[in-house]
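The values are calculated or read from the model by the stated rules, or taken from the named source; none is laboratory data. Remember, it's a predicted structure, so these values are computed and weren't measured experimentally. FYI the Cβ positions are ideal-geometry reconstructions off the backbone, even for glycines, and counts take in every protein chain you see. These area figures cover heavy atoms from the full protein model, side chains too; ligands, DNA and RNA do not enter into them. Shrake-Rupley method; radii C 1.70, N 1.55, O 1.52, S 1.80 Å.
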Amino acid sequence: MEERKLTVRAVERALDILLCFTKQRDLSLTEIAGEISLHKSTVHRLLTTLEEKGFVIRDSATEKYRLGLKIWELSVHLSEGDEPAILLQPRMEQLRDRLGETVSLYLLDGTDRLRIQAVQSNQAIRRVAPVGARLPLFVGASSKVLVAYAHDEVLQSVLNSPEWPSNVDRAEYIAQLERIREIGYATSYEEREPGAAAVSVPILNRRGELAAALSVSGPVSRMSQQTLEEIAPVVMEAAKDMGMMMIL
């Protein structure tokens with residue numbers, strides 16, 4: 001039994017190491033050890049095993065680690081038929097070409113939102129949205145859309161989170177969610193990121209259930225509050241089409 005516990009713990013720690021790379025591309029041994037609160041010797045042993053199996057690569061020049069090719073081999077076998085990031089990309093590209101701004105797709109994951117796909121704007125000055133970014137649900141257009149259309153348990157979890165920012169009023173937040181459900185979209189203007197604005201709408205599947213949040217974002221120099229409201233119907237139309245493509 002004790003041996004089994006040690007084995008499971010080793011697996012958990014190895015997975016924790018891999019999850020560190022959702023935040024940054026290259027990490028040193030010291031950075032990884034600090035991130036997961038483990039001794040460097042323990043982390044080094046786990047990294048050596050992960051490197052041997054091809055899950056991480058060590059750069060001999062910088063002594064930093066990054067994800068290995070084995071990760072990409074595994075990703076090839078994702079189901080393309082119902083994977084939103086793959087299924088909806090062509091329609092996202094059409095929306096990007098029509099509006100000229102970056103288009104992102106988010107899923108709800110606990111008390112975070114996860115960007116699973118992004119089609120970057122082709123304009124010289126643009127907002128770059130990295131795929132895999134994990135963001136809190138307290139602020140931002142997509143965050144509020146996901147909470148507004150999720151089950152009440154999600155809202156309660158977010159409201160009761162110990163990480164709730166002191167500068168965000170809970171009553172005002174709830175009022176915003178009610179307004180989002182009324183008009184069908186949310187906007188944010190330098191709410192989470194200085195210089196950036198966004199409009200987001202829910203993607204509902206054929207059963208009318210929340211599947212994802214669709215967002216169009218760009219620099220405030222091109223996306224005023226009026227512009228956000230003007231393009232909202234276009235984004236809602238695209239989200240409706242995407243929802244018809246999703247079974248679950």
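Can you compute the charge dipole magnitude of the chain about its Cα centre, using +1 on each Lys and Arg Cβ and -1 on each Asp and Glu Cβ, nothing else charged? Give it in debye, rounded to the nearest 20. Before the final figure, lay out the partial values.
Values: 30 positive and 35 negative charges, 87 e Å.
Roughly 420 debye for the chain.
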Label model pair I183, K70: point-to-point distance (7 angstrom along the Cα→beta-carbon line) in nm is 5.0 nm
Taking a crude spin-label model, label points 7 Å out from Cα along the C-beta direction, the R207 to K40 distance in nm is 5.1 nm
With label points set 7 Å from each Cα along the Cα-to-Cβ direction at E172 and D152, the distance between them in nm comes to 2.6 nm
Ranking I36, I17 from most to least accessible area with a 1.4 Å probe gives I36, I17
Checking G208, G34, G110 against a Gaussian network model of the chain (alpha-carbon springs below 10 Å), the top fluctuating residue turns out to be G34
Per GNM of the chain with C-alpha springs under 10 angstrom, the most fluctuating residue out of R115, R66, R45 is R45
So the FRET efficiency between D26 and D112, C-beta based with R0 = 30 Å and rounded to 0.05, is 0.85
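Shape verdict for the range 153-248, please, from the Cα gyration tensor: rounded (a/c under 1.5), prolate (a/b greater than b/c) or oblate.
Working: a/c = 2.09, a/b = 1.11, b/c = 1.88.
It is oblate, given that a/c is not under 1.5 and a/b is not larger than b/c.
Taking the solvent-accessible surface of protein heavy atoms with a 1.4 Å probe, what is the per residue accessible area of the chain in Å²? Please report the intermediate quantities before stating the final value.
Details: 14050 Å² over 248 residues.
Per residue, the chain has an accessible area of 57 Å².
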Here the longest stretch of the chain that holds no GluC sites (Glu not before Pro) in a DSSP loop having at most 12 other beta carbon atoms within 10 Å is 81-162
So the FRET efficiency between L18 and W164, C-beta based with R0 = 41 Å and rounded to 0.05, is 0.90
Per the C-alpha gyration tensor (a ≥ b ≥ c, the square roots of its eigenvalues), the range 158-202 is rounded if a/c is under 1.5, else prolate if a/b beats b/c, else oblate; here it's oblate
In deg cm²/dmol, rounded to the nearest 500, the helical mean residue ellipticity at 222 nm of the chain, built from -39500 (n - 2.57) for every DSSP H run of length 4 or more, is -13500 deg cm²/dmol
Under 18 Å by backbone N from the virtual spin label 7 Å along Cα-to-Cβ at V139, the residues of the range 214-248 are 217-221, 225
So the carbon and sulfur contribution to the accessible area of the chain, 1.4 Å probe, in percent, is 52 percent
